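Novice: Pasting in a structure now, in structure tokens, and then I'll have a few things to ask.
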Amino acid sequence: MTGFLAYSLAGHDKGELYLIIEETEDYVHVADGAVRTLDRLKKKNKKHVQIIKKKQLTEPESGFDDLAIRKIIKEYQEEGNVKG
């Protein structure tokens, strides 16, 4: 699931769009590049995220950075892909 965009389905951040940075057996660690930066990843239960399967990103050689994550999310939302 790493590299996919995902919506939060539960919690105070319900409806927020994130990029999945890491994955463990039961959890994913997500970032949005603004509030949840790479230094402060959000740990979410896999049951509480909805993967956007049509959009998987390959990690650049230099790795993701907060600016790139914000840009990816903004571009996705500007394409008209807003959950509603």
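The values are calculated or read from the model by the stated rules, or taken from the named source; none is laboratory data. Being a predicted model, the structure only gives us computed values, none of them experimental. Every residue, glycine among them, receives a Cβ derived from its backbone with ideal geometry; neighbour counts consider all protein chains shown. Please note that ligands, DNA and RNA were not included when accessible areas were found on the heavy atoms of the full protein model with its side chains. Shrake-Rupley method; radii C 1.70, N 1.55, O 1.52, S 1.80 Å.
Novice: Let me check something: with ligands and nucleic acids excluded, how do 26, 66 order by accessible area (1.4 Å probe), largest to smallest? Intermediate results must be reported in sequence, preceding the final value.
Specialist: Values: 26 90, 66 40 Å².
From most exposed to least exposed: 26, 66.
Novice: Follow-up question, since we're still on this one. With every protein chain present, what is the per residue accessible area of the chain (1.4 Å probe, Å²)? Don't skip to the end; give the middle numbers.
Specialist: Values: 5440 Å² over 84 residues.
Per-residue value: 65 Å².
Novice: Right, something else. Quick one: pull the percent of accessible area on the chain belonging to carbon and sulfur, 1.4 Å probe, ligands and nucleic acids left out.
Specialist: On the way: 2500 of 5440 Å².
Roughly 46 percent, rounded to a whole number.
Novice: May I ask you to compute the full-extension gain from residue 66 to residue 52, defined as 0.36 nm times their residue separation minus their alpha-carbon distance, rounded to one decimal in nm?
Specialist: Numbers: separation 14, 0.36 × 14 = 5.04 nm, distance 1.97 nm.
Residue separation times 0.36 nm, minus the Cα-Cα distance, leaves 3.1 nm.
Novice: Have a look at 35, 7, 19 and report the one farthest towards the positive end of the charge dipole of the stretch 1-68, computed about the Cα centre with Cβ charges (Lys/Arg +1, Asp/Glu -1).
Specialist: 7
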